[in-house]
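Data block below; observations after.
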Amino acid sequence: MKPGRPTPSLLLSEEERATLLAWTRRARCPQALALRARVVLLCAAGRSNTDTAAELHVTIQTVGKWRQRFIDKRLDGLLDEPRPGTPRKLSEADVDRVLGLTLESVPAHATHWSTRSLAAASGLSRASVHRIWRAFSLQPHRIETLRLLKDSLFLEKTPDPSEVAE
């Protein structure tokens, strides 16, 4: 018998093994999740915490933590838990409303929305509108296409080109 606490055995179903292998091979998978999956796969192969830690260049405590979390909660134990802090104040409906107004309409007496005018129209703060625009890389003040003027008397105000040439 080995001295110390016995390490709990870790058995995987075929579905869990396939999921863990996918997490380790997927390019867009967060690296922290891929490392946890590698830890569990090595432990399931019968490796000790010490051997697994040495191979993956992590501490023995890290291997023990993820082994135990997997045993307790299975695949859900490897996922990130919700972070502490204040919950979001803006709902998805608020974000959709701001995006819809920005992209699908124009204000009554202007060519584009400003943060202040959209905040007044949507009922949110100016800072909230600015954060939403920044998150979606929207810049309504940078117009790249020609917008029609809303002035109906514009043609009457412009001089005739034949009169100017004379």
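The values are calculated or read from the model by the stated rules, or taken from the named source; none is laboratory data. Not measured: the values here are computed from a predicted model. Cβ placement follows ideal geometry from the backbone for every residue including glycine, while neighbour counts extend to all protein chains displayed.
The set of residues in the range 118-137 being among the polar types (S, T, N, Q) and not in a helix (DSSP H, G or I) consists of 125, 137.
Is the range 74-85 home to any residue that is among the charged types (D, E, K, R), surrounded by fewer than 17 Cβ atoms within 10 Å (Cβ to Cβ) and at pLDDT 90 or above? No, the range 74-85 contains no residue that is among the charged types (D, E, K, R), surrounded by fewer than 17 Cβ atoms within 10 Å (Cβ to Cβ) and at pLDDT 90 or above. In the range 66-89, the residues that are under 17 Å from residue 44 (Cβ atoms) reach residues that are part of a loop (DSSP other than H, G, I, E, B) with C-beta atoms within less than 8 angstrom, at least six apart or across chains, in these pairs: 67/7; 67/8; 67/10; 68/8; 70/10; 71/8; 71/10. Among residues of the range 114-130 that are among the aliphatic types (A, V, I, L, M), those with a beta-carbon under 8 Å from a residue that is at pLDDT below 90 and surrounded by fewer than 17 Cβ atoms within 10 Å (Cβ to Cβ) at least six positions away or on a different chain give the pairs 118/107; 121/107; 124/90. Of the helices (runs of 4 or more DSSP H) lying entirely inside the range 28-117, the ones with 3 or more residues being touching a Phe, Trp or Tyr at 6+ places or on another chain (Cβ under 6 Å) are found at 31-44.
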